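S.K.: Would you mind keeping the following structure in view while I ask a few things?
The values are calculated or read from the model by the stated rules, or taken from the named source; none is laboratory data. These numbers come from a predicted model, not from an experiment. Note: ideal-geometry Cβ built from the backbone for every residue, glycine included; neighbour counts use all protein chains shown. With ligands, DNA and RNA removed, areas are computed over all heavy atoms of the protein, side chains included. Shrake-Rupley method; radii C 1.70, N 1.55, O 1.52, S 1.80 Å.
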Amino acid sequence: MKIIKAKDYDDMSKIAAQIIGAQITLKPDCVLGLATGSTPIGTYSMLADWCSKGYLDFASVTTFNLDEYLGLDPQHDQSYRHYMNSNLFNKINIKIENTNVPNGKAVDVDKECMAYENKIEGLDGITLQLLGIGNNGHIGFNEPDDSFSKSTHCVRLADNTIEANARFFDSIDMVPKKAITMGIGTIMKAKKAILIANGEGKREILKKSLFGPITPRVPASILQLHPDLTVITDNSL
Ligand code: GLP
């Protein structure tokens, strides 16, 4: 594990964007795993800026997002598909058909999960996975549990996740209770992973995840076993 201490949020975002940019330059047809939440917004904004200036070319890149709320239409302004289109995809020269976000409106959710997992495997897996971390240590929407999940699946969101994400919705009752998420196994199979976390509020959970016992009660703790993990944070750990 490599830990990079960033000066602040912008510095963290720039370092993450530089690593992703370098990956795209090295392997223009790479498969990127992408995250949502407030943390990656700065990273996406830098990638979009560099693409608009002609420094980066997303024409052959494929992306897979970590997760999506179950029950939200892709057009819903809080769906992760909408978030990705507005924060990144609509601002870069990626082919929209090469961008993948689980379908939150899938009629057969198990089939959707299996198809998502198979599509990732069919492309020889994820080259570089960007991750944020939830306040309870979740990655993607893999909540604290009794065991580590393997592949893409449907989850019931933890109460503290619903509370944390209520800030994006009109009221807490509007927050979906379930989601589709890549599994811990899917994430761990990524060839490289970058974890970004900023602010004092993430310091304790980051310390617990990176230096505490590896346990499904702290899902991100499994990342200690990832062969190529880079953590970028403005926190002193
Ligand atoms: C969300 C997402 C995660 C994200 C996390 C942290 O629930 N499913 O992928 O990493 O919460 O969000 P934020 O960056 O807003 O703190």
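S.K.: What fraction of the Cα pairs in segment 11-133, stated in percent, has a spacing above 25 angstrom?
M.R.: Details: 1470 of 7503 pairs.
Tail fraction, whole percent: 20.
S.K.: Would you mind checking segment 21-40 for residues with the amide N under 18 Å from a putative spin-label position 7 Å along Cα→C-beta of residue 168?
M.R.: 33-40
S.K.: Among DSSP beta bridges whose residues both lie in segment 27-156, state the antiparallel percentage, nearest 5.
M.R.: 10 percent
S.K.: Grab the Cα-Cα distance for residue 191 and residue 207, subtract it from 0.36 nm times how many residues apart they are, and report the gain in nm with one decimal. Present the calculation step by step, with values, prior to reporting the outcome.
M.R.: Working: separation 16, 0.36 × 16 = 5.76 nm, distance 2.32 nm.
Computed gain between residue 191 and residue 207 is 3.4 nm.
S.K.: Something else: Given a 10 angstrom Cα cut-off, can you work out which residue in 112, 143, 97 is the most mobile in a GNM of the chain?
M.R.: Taking springs between Cα atoms under 10 Å, the residue moving most is 97.
S.K.: While we're here: If you roll a 1.4 angstrom probe over the protein chains with everything in place, what fraction of the accessible area of segment 40-171 belongs to carbon and sulfur, to the nearest %?
M.R.: Values: 2960 of 6160 Å².
Of the solvent-accessible surface of segment 40-171, carbon and sulfur hold 48 percent.
S.K.: Answer rounded, prolate or oblate for segment 99-140, using the Cα gyration tensor with square roots of eigenvalues a ≥ b ≥ c: rounded when a/c is under 1.5, else prolate when a/b is larger than b/c, else oblate.
M.R.: oblate
S.K.: Let me ask something else. 7 Å from Cα along Cα→Cβ at both residue 159 and residue 107: what's the point-to-point distance in nm?
M.R.: Each label point is offset 7 Å from its Cα along the Cβ direction, giving 3.6 nm.
S.K.: Taking 0.36 nm per residue of separation and subtracting the Cα-Cα distance, what length does fully extending residue 25 through residue 41 add?
M.R.: So the chain would gain 3.7 nm between residue 25 and residue 41.
S.K.: Enumerate the amide H contacts of residue 27 below 5 Å, restricted to partners 5 or more residues apart or on another chain; note that Pro and chain-start residues carry no placed amide H.
M.R.: Under 5 Å from the amide H of residue 27: no residue qualifies.
S.K.: Calculate log10 I(q)/I(0) of segment 44-88 for q = 0.13 Å⁻¹, where I(q) comes from the Debye formula with a single equal point scatterer on each Cα and nothing for solvent.
M.R.: Log10 I(q)/I(0), no solvent term: -0.36.
S.K.: What ranking do 150-161, 120-131, 57-68, 19-30 get when scored by the average of other Cβ atoms within 10 Å per residue, highest first?
M.R.: 57-68, 120-131, 150-161, 19-30
S.K.: How much FRET efficiency would the formula 1/(1 + (r/R0)^6) give for residue 9 and residue 121, where r is the Cβ-Cβ distance and R0 is 41 Å, rounded to 0.05?
M.R.: With R0 = 41 Å, the Cβ-Cβ based efficiency is 0.75.
S.K.: Oh, and also: If the viscosity is 0.890 mPa s and the temperature 25 °C, what translational diffusion coefficient in µm²/s does Stokes-Einstein give for the chain when Rh comes from Kirkwood over Cα pairs?
M.R.: This corresponds to a translational diffusion coefficient of 139 µm²/s.
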